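The values are calculated or read from the model by the stated rules, or taken from the named source; none is laboratory data. These numbers were taken from a predicted model, which means no experiment stands behind them. Glycine also receives a Cβ, built like all others from the backbone with ideal geometry; neighbour counts cover every protein chain displayed. The accessibility values were calculated without ligands, DNA or RNA, using every heavy atom of the protein model including side chains. Shrake-Rupley method; radii C 1.70, N 1.55, O 1.52, S 1.80 Å.
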Amino acid sequence: MIENSTDHFARIDANPYAWPFDGEWSPSDTALLLLGFQNGIVRGLAAEAERDTAMRLIEAAGRRGLAIIASRRGQDPEGGALARRRAVLGDEVPTKGSPDWQFDDSMSLPPAAIIVDHAGDNAFFGTGLEDSLRRHGIRNLLVTGLPTDGLVHATQRAANDMGFECLTVFDACKGTSPGRHDAQLRITTFGNGLFGAIASAAAIETALGSHQE
């Protein structure tokens, strides 16, 4: 059940600024972006806790009427340079159509979720994601995903360049190492939020009126 879909929400206590920068976000202009929550990636990064946090956000966002977008990264069976490079960093890119490529078995996406398939780290490159967001009137993105130092950062930087206001949900993301995760979050907030802001899932749930202790 969608509750009060025309509501405007309070700004989120985020770092380095209260998000969004102009204080304007509502179900009609905000989307929850889920990047790379696939069987092989969740298992490879041992990211079950981050997946579960993202699942809480799916429930909270869906209840308030936010758009939900899930991206799925995959390589062709013959592979390629990008997949080989990511493997060296401990981030295996699953083969399209394989069980590892499918969305995580524990993650239930709503029927209206928008699905984006892509080969690289940037979910905008070579896809219709930007056009879909524009058509839906989306200007704000709540960004979650795996890994932080791959899909999350590349996609958020691209979104920022396109004028979207981004908030990384840091406990619904995980890097290929703790150091890489932390480094990407520092880059995001560099220069008073050069690429956006970061906040916890609890802060978002509080703003959505659905915080769970």
Exercise. Looking at the range 69-85, which of its residues are closer than 24 Å to PHE170 by Cβ and open to solvent by 10 Å² or more (accessible area, probe 1.4 Å)?
Worked result: ARG72
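Do we have GLY40 as buried (at least 17 other Cβ atoms within 10 Å of the Cβ) and over 24 Å from LEU185 (Cα atoms) here?
On the way: buried (at least 17 other Cβ atoms within 10 Å of the Cβ): yes; over 24 Å from LEU185 (Cα atoms): no.
It is false that GLY40 is buried (at least 17 other Cβ atoms within 10 Å of the Cβ) and over 24 Å from LEU185 (Cα atoms).
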Problem set entry | Evaluation of LEU32 against (1) closer than 29 Å to GLY191 by Cα; (2) modelled with pLDDT under 95 (one fails), failing number | (2)
Seminar exercise, completed: In the range 86-106, residues that are surrounded by fewer than 16 Cβ atoms within 10 Å (Cβ to Cβ) and either of a type in the set (Ser, Thr, Tyr) or outside any helix (DSSP H, G or I) (or both) total 8
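Looking only at the range 21-39, count how many residues are in a strand (DSSP E or B) and under 9 Å from the mean Cα position of the chain (by Cα).
Within the range 21-39, the first condition is being in a strand (DSSP E or B), and the residues that meet it are 30-35, 38.
Now drop any that are not under 9 Å from the mean Cα position of the chain (by Cα), which leaves 32-35.
Looking only at that region, the number is 4.
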Seminar exercise, completed: Within the range 61-85, residues being of a type in the set (D, E, K, R) and in a loop (DSSP other than H, G, I, E, B) number 2
Exercise. Do you know which of the residues in the range 26-67 that are of a type in the set (Val, Ile, Thr) and touching a helix residue (DSSP H, G or I) at 6+ places or on another chain (Cβ under 7 Å) is nearest to THR168 (Cα to Cα)?
Worked result: THR53
